[in-house]
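Trainee: Sharing a structure below in structure tokens format, with a few things to ask.
The values are calculated or read from the model by the stated rules, or taken from the named source; none is laboratory data. Because the structure is predicted, anything quoted here is derived from the model rather than measured. Here the Cβ is made from the backbone with ideal geometry for all residues, glycine too, and neighbour counts use every protein chain on show. Accessible surface areas use protein heavy atoms only, side chains included; no ligands, DNA or RNA. Shrake-Rupley method; radii C 1.70, N 1.55, O 1.52, S 1.80 Å.
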Amino acid sequence: RFAGMETDPNENSRAYILEREDKFSQIFAGVFVDRANVSPFRSLRWHQVPVRAMGGGILHAKVTLIAWENLIRVLIGSANLTSWGYRRNFENLVSIDFRPEDGAPLSLLREVLTFLRDLAAAAPRSQTTAVGPVPATRRFLETVTRRIAKWDEGRFASGEPRLALVATGPGRPPLF
């Protein structure tokens, strides 16, 4: 949806692949994936960063970061990156918007950016070359960091629920 896709892979797979390659050539798209589940059947324009969870667990984070020029949206939810997870199941999701003025607190966005940087740091050393998914992801995160440098710090509106990021994962304590 973010890329403006109009085709459906189940209706016309060839048209879908062509449109996907065209759309993804214009944006950054990346995903952290438990390294046991990196798919060989994917677009090279959709960066898959393989990450191994510490302690023998699996990576199960569902954090999405979408950046436009004057809006950054963080989605945190329960949906897996599957057709069922995004198109058929009833899933929980919270959307947090950050804007140059009157957005959610940038301190929360900085915590999300730190979490994503930590995930990138957990990629195997073979993935941290000068080109590839990890450097592309780091460049994207730095672009977002630079973009928000001059934005107002933001705040939660009076009477609205407060949000906090409780992140677990590589180099972080377990939740329980």
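Trainee: Taking 0.36 nm per intervening residue step and subtracting the Cα-Cα distance, what contour gain separates residue 160 from residue 121 on full extension?
Mentor: Working: separation 39, 0.36 × 39 = 14.04 nm, distance 3.44 nm.
Between residue 160 and residue 121, full extension yields an extra 10.6 nm.
Trainee: How far apart, in nm, are two points set 7 Å out from the Cα along the Cα-to-Cβ line at residue 22 and at residue 138?
Mentor: It works out to 3.4 nm between the two label points.
Trainee: Which sequence of 23, 150 reflects their accessible areas, 1.4 Å probe, from the largest down?
Mentor: Working: 23 55, 150 190 Å².
So, going from the largest accessible area down, we get 150, 23.
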